[in-house]
Every structure is written in structure tokens, then in C-alpha cells.
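One structure below.
The values are calculated or read from the model by the stated rules, or taken from the named source; none is laboratory data. Here the structure is a predicted model, which is why all the values come from computation and not from measurement. Here the Cβ positions follow ideal geometry from the backbone for every residue, glycine too, while neighbour counts run over all protein chains shown.
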Amino acid sequence: MFSLNPDGPIPLVQQIVDGFRQLVDEGGLRAGSKAPSIRQFAHAHGVSVYTVVDAYDRLVAQGYFASRPHQGFFVRQRRVSALVSTGAGPNFNFDSMWYLRRIFENRALRLKPGCGWIPGEWLFGEGVRRSLRSLANDNVDLGGYGEPKGYLPLRQLVRDMLAEQEIALTSEHVLLTHGSSQAMDLAARRLVRPGDAVLVDDPGYPNLQYSLRFLGARLLGVPRTPSGYDLATLERLIIEHQPKVFFTQPRLQSPTGSVAQLAHLHRVVHLADKYDFVVVENDIYADLDPEPRPSLASLDQLNRVVYISSFSKTISPNIRVGYLAANPDLLEDLAQLKMISGLTSSEFNERLAYGALIDGRWRKHIKGLRERLARAHELTAAGLLKIGFELFCEPKAGVFLWARHPDIPNATELAYKGGEHDILLGPGALFTLDSSLAPSPWTRFNVAFCEDPAVFAFLQAQRDANRAAG
């Protein structure tokens, strides 16, 4: 195919890009043909998987390759004449990050400070096992489907839990879903049409960004601040683009960990009412917050707010039980969409979650989990600050810290190197709306996975290497 020169002046990533571009331009690889897999190419040429990921990512961004989920990379049809005549550059888009993100969520790496989940031993395993034994003794009917809106006792329990947060509703306002991801997808498919302007947190949740772009939305990033939102930018975007929806995570947001202040929540609700748009509130970390805070839904009472949460972060991600709450008319539409796309959700899983939630040790588990995360925040923040990292904010709760170092300008490069040391990191480029693939200095740290001193030893070594090089 072509050879690489590891000792040459041109970086290996660029050598791979140039090699494939030449093959495509000269007809050595025809449109539609499949490129070698990431691991095949890395093994054949004796280079890091992460070096090949970077090269393939650039080839997708430059229009030479197309990535197809679960299939690989294929040579894209090139319209050379159009590019030459218009002077157009490559078509950068966020889809080029798909395989990169897949690599960084690989559970095979030993240390995972960049992952998005909580360690299994921190979850309510004993409660799940007790619930499972109870279900086995109850002779649950496995021959039918569950209720369209979900298992009624769990919906009633969700109603009571939300009432404690001062959200007044009935069980008919609640729809159980296959995790919060399905809830977000249902809301997006009901509320968004191709070409619609849609507001999202920036930085924010990559899966949501993928989903909305797939639906044809025009994404407008609302910058996060340590206290919530850049309200001036938010209002300007609303006036200029008249969005249909704002998808946001006010509390313990991923990736920044920030919490929106009450004044910011009031402002969002006011703007939604004034400019006639819906707010989809993702509150999946509510149970991890030791502070009783208002939500957008409690301020709005589900008039314009759709409230989404999940039990994945506290019971177990494997049982995949989430929920949404909305006004009755909208909720009926969402329930219909749920039936169209997947019939009912799993009543068995919903019963399993219900049994864990009514377990007498549930509240003790939540209290202990919050305390454990608070200690992890304290240790992780101290470790990062000692090395010279700047913290976006210090929430002291939830899962994430968002940090950058003045001597580490490219967090994606840091993540590649981390992979070579068996460490999974969460580079900022995965969370930003910036479609230029420009490097970001920010990294998301999961405090629950930062207890191993090897994490900070690696970061310090990279800091020292960058200082020595430049």
C-alpha cells in the first residue's frame, strides 16, 4: 500500500493521511472500497491505534473517507471538479469524531478517568440482587409486554420522588423509557424537524449532538459558565435564530460539572415563555446532588419543560431504566413514539428497579454514594491543582471535573498518549460544538476513576515533557 518512516521529519499521522490521499487521488483506492480497519493498519505498520484513529479522523473530515457505524471506513466519492471550481475547502463535520469517541469509551483500558459511568462496586448491587430474588419468588409473567407508559408502581414512585422536588404531577405525566438516552431521543424526534434551530449546552453531551444532527437540526451552542449559562449569548441566539427547543443539563452538567444558579434557571424559563420554545431538562445526576435545588421543571411545572432522568447512575446502568415527565398532551405523543419505535419498555427491568428503590437500604446507599463522590472530588481536585491544572469549577458533587493545563494545549493528543499507557481520557474535542476539529485544552475527569496515583503520574509526566519540548 505505502510505507511509513517513523524517523522522518513528517509526523506519522500526516504520513498516513498523505499516503491515503495519494492512493485515492491516483485511483489506487476507488470510491466505495473499504479501507483497512484501524487495528489492521496499526498492526501492519507497527504504529499506535490512536495514531491511526487520528489519521482516519482527518481523512473523514477532508472528504476522503466515510465512516459507517459497525462497518468501518470506506473511500468516499470525490467531486474534485466542484472543489477546484469553487475553491471550497474540506467539509468538516462532527460525524468525523464518531470512531474517535468509540475508541475513548473502550472499557478495555485499565484506568478510566475519562469514562462516563460510576464504578460497579459503588452502585446498588446488593439492592438489585435482593430485588432479583424477590422477582424470582413472585413468578413474574414473562409471556407478555409491559404497559405502554411503563410499570405503574414505578411511575407512581417517580411521581412521589418528583413531588419531593416540588414538581406537581400525576403518574399519567410520567413515561418510563429504556434509559435516559431513549427519553432524549423521543423528545428530539417529537420536537425537532430538519432545519430547526436547536439550542444545546456547549460543551455538552456528544450523543445528543449526534442525534440532533441526524435529525437535521441546526445546533446553536449556549456557552456554559461556572454558574450556569452565558445569558447574554443565550438571549442573542434566541432572538436571532428563534429556536424550537433548548436541550440542557442545569445540574452537575457533563462535562463541566457546573450547576446553574437559581437566577439562571428563572431566566431560562422566562425566555422560553417569552420566545415560545420548549426546554428539555436532563437531570440524570439529581440523586447525586446533596443539595436540595430547584429544577427548571419545578419552576415551570411542566408547562414548557420536559424533565428527563434515570436510575443508571445510582442503581445500575445495565438495567436501563429512565423516565421523562411532561404535560399530558405532549406525553401522549411521546408514548406513541415509544410504541412505534420499540413497543413497550422492559417491565422486568422496571420491576427490578422498583424493588431496589423501595429497598429499606436505598436512602443509605444514596447518602454513602454522595459522600464517596465528595471525597473523590476533593482528592481529584487537589491532585490536578498540584500539577498545575486549572479547574472550570469545583462542584464537590456529581461525577465530573473539567480542567485544562497551560502546558498541555491539545487534550486530544494527551488522550492518544494516555491510550498508549492504558489510560482512557476524555478530551474536550469530544464535547464541543466546534466543527473545525481544532484542538481543545480541556479534559473531562471522572473523579470516581482518579484514585489511582498512576493517573496523576502520567499527567505530570506529560506536563514535564511538553515543558521540555517547548
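To keep it simple, each residue is scored yes or no on (1) outside the structural domain of HIS173 (by TED's automatic domain parsing); (2) touching a strand residue (DSSP E or B) at 6+ places or on another chain (Cβ under 9 Å); (3) buried (at least 21 other Cβ atoms within 10 Å of the Cβ); (4) more than 16 Å from GLY179 (Cβ to Cβ).
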{"residue": "ARG293", "(1), (2), (3), (4)": "no, no, no, yes"}
{"residue": "VAL305", "(1), (2), (3), (4)": "no, yes, yes, yes"}
{"residue": "PRO328", "(1), (2), (3), (4)": "no, no, no, yes"}
{"residue": "SER341", "(1), (2), (3), (4)": "no, no, no, no"}
{"residue": "SER345", "(1), (2), (3), (4)": "no, yes, yes, no"}
{"residue": "GLU350", "(1), (2), (3), (4)": "no, yes, yes, no"}
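Specify which of the listed residues (VAL53, VAL75, VAL47, VAL24) is modelled with pLDDT under 85 and of a type in the set (A, V, I, L, M, F, W, C).
None of the others qualify; the one that does is VAL53.
Looking at the structure I just gave you, is LEU437 among the aliphatic types (A, V, I, L, M) and either under 23 Å from the mean Cα position of the chain (by Cα) or modelled with pLDDT of 95 or more (or both)?
When the stated conditions are applied, LEU437 passes them.
Among the residues of segment 151-181 satisfying the criterion of being part of a helix (DSSP H, G or I) and among the hydrophobic types (A, V, I, L, M, F, W, C), which is nearest to GLU281 (Cα to Cα)?
It comes out as LEU162.
Residues of segment 2-30 being of a type in the set (Gly, Ala, Ser) and in a loop (DSSP other than H, G, I, E, B), which ones?
SER3, GLY8, GLY27, GLY28
Look at ALA66 and say whether it is over 16 Å from VAL13 (Cα atoms), free of Cβ contacts under 8 Å to residues at least 60 places away in the same chain, surrounded by fewer than 22 Cβ atoms within 10 Å (Cβ to Cβ) and in contact with a helix residue (DSSP H, G or I) (Cβ under 7 Å, 6 or more places away or on another chain).
In short, yes.
Any residue in segment 22-46 that is closer than 12 Å to ARG76 by Cβ sitting within a Cβ distance under 8 Å of a residue that is basic (Lys, Arg)? List the pairs, counting only those 6 or more apart or interchain.
VAL24/ARG78; ALA31/ARG76; ALA31/ARG78
Taking the conditions exactly as written (surrounded by fewer than 16 Cβ atoms within 10 Å (Cβ to Cβ), in the same structural domain as LYS149 (by TED's automatic domain parsing) and either hydrophobic (A, V, I, L, M, F, W, C) or under 30 Å from TYR145 (Cα atoms) (or both)), does GLY322 satisfy them or not?
Here the answer is no, as GLY322 does not meet what is asked.
Give segment 20-36 a look and list any residue that's touching a helix residue (DSSP H, G or I) at 6+ places or on another chain (Cβ under 9 Å) and not charged (D, E, K, R), or say none.
Hits for segment 20-36 are PHE20, VAL24, GLY28, LEU29, ALA31, ALA35, PRO36.
When the residues of segment 325-372 are filtered to those that are polar (S, T, N, Q) and in contact with a Gly (Cβ under 8 Å, 6 or more places away or on another chain), which remaining residue is nearest to GLU147 (Cα to Cα)?
Residue satisfying both the conditions and the ranking: THR344.
Looking only at residues that are free of Cβ contacts under 8 Å to residues at least 60 places away in the same chain and farther than 16 Å from ASP202 by Cβ in segment 422-457, which one is surrounded by the fewest Cβ atoms within 10 Å (Cβ to Cβ)?
PRO453
Look through ASP359, ASP333 and report the one residue that is part of a loop (DSSP other than H, G, I, E, B), in contact with a helix residue (DSSP H, G or I) (Cβ under 7 Å, 6 or more places away or on another chain) and touching a residue at least 60 places away in the same chain (Cβ under 8 Å).
Answer to the check: ASP359.
With respect to the numbered conditions (1) farther than 20 Å from PHE449 by Cβ; (2) touching a residue at least 40 places away in the same chain (Cβ under 8 Å); (3) under 23 Å from the mean Cα position of the chain (by Cα), which one is the sole condition not fulfilled by SER310?
(1)
Quick test of your reading of the structure: PRO441 fulfils all but one of (1) more than 30 Å from ALA42 (Cα to Cα); (2) in contact with a His (Cβ under 9 Å, 6 or more places away or on another chain). Name the failing condition by number.
Here PRO441 clears every test but (1).
Among the residues of segment 406-420, is any within 26 Å of LEU369 (Cβ to Cβ) and not polar (S, T, N, Q)?
Within segment 406-420, not a single residue is within 26 Å of LEU369 (Cβ to Cβ) and not polar (S, T, N, Q).
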